[in-house]
Every structure is written in C-alpha cells, then in structure tokens.
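Heads up, the thing below is written out as structure tokens.
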C-alpha cells in the first residue's frame, strides 16, 4: 500500500496555472469587430491601426488625467494661501521665493502617474498583437485565398513575461 496513488489531487496548483496560461496563449482570442481574417494590404493596415489604437487611447487618458490632477493640485495650493502665508512659486527664485515644479505637479504625484501609465502601455503592448498568416502552396508560392491578418490578444502573455 506504500506505492498506492494518493487520494485526491497530487498535482500542485502551479501546474494548473501553467496549464491555463499555456492554453490561453495557444488559443489566443481575436479582437475583430469586423476586422477578423482581413485580407490584402487594406486589411493589414486596418489590423495595425486596430492593434495600436489602444495605445493612443491610453495616451489621451494620460493627458486628461494629468490635466485633472494638475488642476486639483493647483487649487489645493491656492487654497493653502488662504489659511497660511507662503512664498510664491516662480521660475527663477530669488531670496525666499520657491521654485516651480518641473512637471507642473509635485514629483510624488507625477512619478506615480508616469509609472502607472508606463505599466499600462507595456501591458497593452504585450497583450494585443497583429497575427499575419501567409499560406504557401507546395511550390512555395503564396495561397492568397488562405492568407489573412487578424488582431489577437492574450492575457497570459502579460503574466508570463514573454
């Protein structure tokens, strides 16, 4: 009875996570919305735009978030002048004047915001990609009817770091 199989599940949980991650990667989904299996140069360009439009959206969100955070911090600083006397912030301080912020907000906010946006850009770049499939005949010529481009996605790629 010493060599009898254990009752229950002998495999560690990590095994199932790796199995799930590899399954997600090998059967990556498709982001299509009318662009699935596009053909020709026009389809290729449409897929490239669709795969990269998310970077533009994140950049626009960064500009909006940066503007909103900057307005909130400037309002907080102006409200602080009402409760206690402070020196003004200027570009070239002289005497007791304070210097202005380099990125128009304190570094403790700016560095965190830039770090978050950089991470989000990296995650998007790792998870959304263009798949271009070129089918060949045995004579090594392209089979145009079976070749296609598609935008794929894989969440597992972000966590595996490949």
Next on the checklist: Tell me whether the stretch 150-159 contains one or more residues that are at pLDDT 80 or above and more than 22 Å from residue 45 (Cα to Cα).
Outcome noted: no
Next on the checklist: If I filter the stretch 67-75 for residues that are within 17 Å of residue 133 (Cα to Cα), under 24 Å from the mean Cα position of the chain (by Cα), part of a helix (DSSP H, G or I) and at pLDDT 85 or above, do I get at least one hit?
Outcome noted: no
Item to check | Selected residue (criterion: surrounded by the fewest Cβ atoms within 10 Å (Cβ to Cβ)) from residues of the stretch 122-145 that are under 30 Å from residue 69 (Cα atoms) and in contact with a helix residue (DSSP H, G or I) (Cβ under 6 Å, 6 or more places away or on another chain) | outcome: 123
Item to check | Enumeration of residues in the stretch 116-149 that are under 12 Å from the mean Cα position of the chain (by Cα) and farther than 17 Å from residue 47 by Cβ | outcome: 116, 117, 118, 119, 120, 121, 122, 123, 126
Item to check | Any pair with Cβ under 9 angstrom, 6 or more apart, that starts in the stretch 50-74 at a residue that is at positive phi and free of Cβ contacts under 8 Å to residues at least 12 places away in the same chain and ends at one that is part of a helix (DSSP H, G or I) and exposed (fewer than 11 other Cβ atoms within 10 Å of the Cβ) | outcome: none
Next on the checklist: Based on this model, can you work out whether residue 88 counts as modelled with pLDDT under 85, over 29 Å from residue 42 (Cβ atoms) and loosely packed, with under 11 Cβ neighbours inside 10 Å?
Outcome noted: yes
Checklist entry - Given the structure, is residue 104 over 30 Å from residue 49 (Cα atoms), at pLDDT below 85 and touching a helix residue (DSSP H, G or I) at 6+ places or on another chain (Cβ under 6 Å)? => result yes
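The values are calculated or read from the model by the stated rules, or taken from the named source; none is laboratory data. Everything quoted here is computed from the prediction, not taken from an experiment. Here Cβ is always computed from backbone atoms with ideal geometry, including for glycine, and neighbour counts include all displayed protein chains.
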